[in-house]
Every structure is written in C-alpha cells, then in structure tokens.
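Heads up, the thing below is written out as structure tokens.
The values are calculated or read from the model by the stated rules, or taken from the named source; none is laboratory data. Note that the structure is predicted; figures quoted are calculated from it, not measured. Every residue, glycine among them, receives a Cβ derived from its backbone with ideal geometry; neighbour counts consider all protein chains shown.
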Amino acid sequence: MISSCASLTPYKVPILQGNIFDEDDMSKLSEGLTKEQVQFIFGTALIKDPFHSNRWDYYYSIQVGDELLDEMKLSINFNSEGLVDNWTIEDLSE
C-alpha cells in the first residue's frame with residue numbers, strides 16, 4: 001500500500017530581518033549611555049536619519065511563511081552631548 005504525502009506541509013524557514021533585540025538588551029539601555037555603548041548592545045542602527053542626527057532607529061521582524069510573528073521598533077534619542085536621553089519602543093505586530 002502506498003500512502004499519500006498530500007497531508008504533509010512543507011517546512012517554512014523563519015525569516016529574521018533587522019536588529020533583533022530582547023528584554024536582556026533592553027535592560028542594559030539607560031540614560032547617559034554613549035553612542036558607542038548603544039552600538040555595542042544593539043549593533044549598527046538600521047536607520048540614522050540625516051534630518052534627525054540625534055535619533056537612531058532599530059527595527060526587526062520575524063516572519064514564517066506569510067505569518068508575521070513579531071515586529072518591533074526601538075527609537076533611541078541622544079542629547080547634544082551624544083548621550084542617551086530617552087527612547088521609545090513600539091510593538092508593530094499588534
């Protein structure tokens with residue numbers, strides 16, 4: 001007897017894009033960090049806007065097939081001395 005493989009679904013590789021950051025990385029972020037320290041924690045910012053030179057944007061998404069599992073954006077603002085002033089994090093997957 002030959003069984004059919006029609007019920008098997010192909011494996012879908014997770015697609016990771018951007019700078020993945022987690023709770024551990026976020027716990028290291030604090031006011032007063034230098035740009036070099038931020039880059040050490042999060043890597044090179046995905047977006048360094050020439051019109052907002054004191055803001056770095058980090059973005060990542062995780063997708064499997066057509067399903068978006070996670071999508072986050074972190075914006076870090078620096079003061080005139082190049083130190084972290086504040087940041088916002090957005091969950092774009094909701």
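Are there any pairs, at least 6 apart or on different chains, whose C-beta atoms fall under 7 Å, with the first in the range 52-72 and farther than 27 Å from ASP85 by Cα and the second surrounded by fewer than 17 Cβ atoms within 10 Å (Cβ to Cβ) and of a type in the set (Ser, Thr, Tyr), and if so, which? These pairs meet every condition: LEU68/SER93.
What residue, among those in the range 58-73 that are in contact with an Asp or Glu (Cβ under 7 Å, 6 or more places away or on another chain) and not β-branched (Val, Ile, Thr), is nearest to THR88 (Cα to Cα)?
Filtering the range 58-73 down to residues in contact with an Asp or Glu (Cβ under 7 Å, 6 or more places away or on another chain) leaves 61-62, 72-73.
Filter again for not β-branched (Val, Ile, Thr), leaving 61, 72-73.
Working: SER61: 17, MET72: 11, LYS73: 8 Å.
So the residue we want is LYS73.
A Cβ distance below 8 Å, combined with a sequence gap of six or more or placement on separate chains, defines the contacts here; from the range 1-29, residues that are closer than 13 Å to LEU69 by Cβ reach residues that are assigned to a loop (DSSP other than H, G, I, E, B) and at pLDDT 75 or above in the pairs LYS12/GLY65.
Starting from residues that are under 19 Å from the mean Cα position of the chain (by Cα) and exposed (fewer than 14 other Cβ atoms within 10 Å of the Cβ), keep the ones in the range 76-88 and report whichever is nearest to GLN63 (Cα to Cα).
Within the range 76-88, the first condition is being under 19 Å from the mean Cα position of the chain (by Cα), and the residues that meet it are 76-78, 84, 86-88.
From the residues that got through so far, the ones that are exposed (fewer than 14 other Cβ atoms within 10 Å of the Cβ) too are 77, 86, 88.
Working: ASN77: 28, ASN86: 29, THR88: 23 Å.
Among those residues, the one meeting the criterion is THR88.
Return yes when SER93 is at pLDDT below 85, surrounded by 13 or more Cβ atoms within 10 Å (Cβ to Cβ) and of a type in the set (Ser, Thr, Tyr) and no when it is not. Give the steps one after another, and end with the answer.
Values: at pLDDT below 85: yes; surrounded by 13 or more Cβ atoms within 10 Å (Cβ to Cβ): no; of a type in the set (Ser, Thr, Tyr): yes.
Spelling it out, it is not the case that SER93 is at pLDDT below 85, surrounded by 13 or more Cβ atoms within 10 Å (Cβ to Cβ) and of a type in the set (Ser, Thr, Tyr).
Of the residues making up the range 16-51, those that are assigned to a loop (DSSP other than H, G, I, E, B), touching a helix residue (DSSP H, G or I) at 6+ places or on another chain (Cβ under 9 Å) and either under 17 Å from ASP91 (Cβ atoms) or modelled with pLDDT of 95 or more (or both) number 4.
Return the residue satisfying two criteria in turn: it lies in the range 52-79 and is modelled with pLDDT under 95 and assigned to a loop (DSSP other than H, G, I, E, B), and of such residues it is nearest to TYR11 (Cα to Cα). Here the residue is GLY65.
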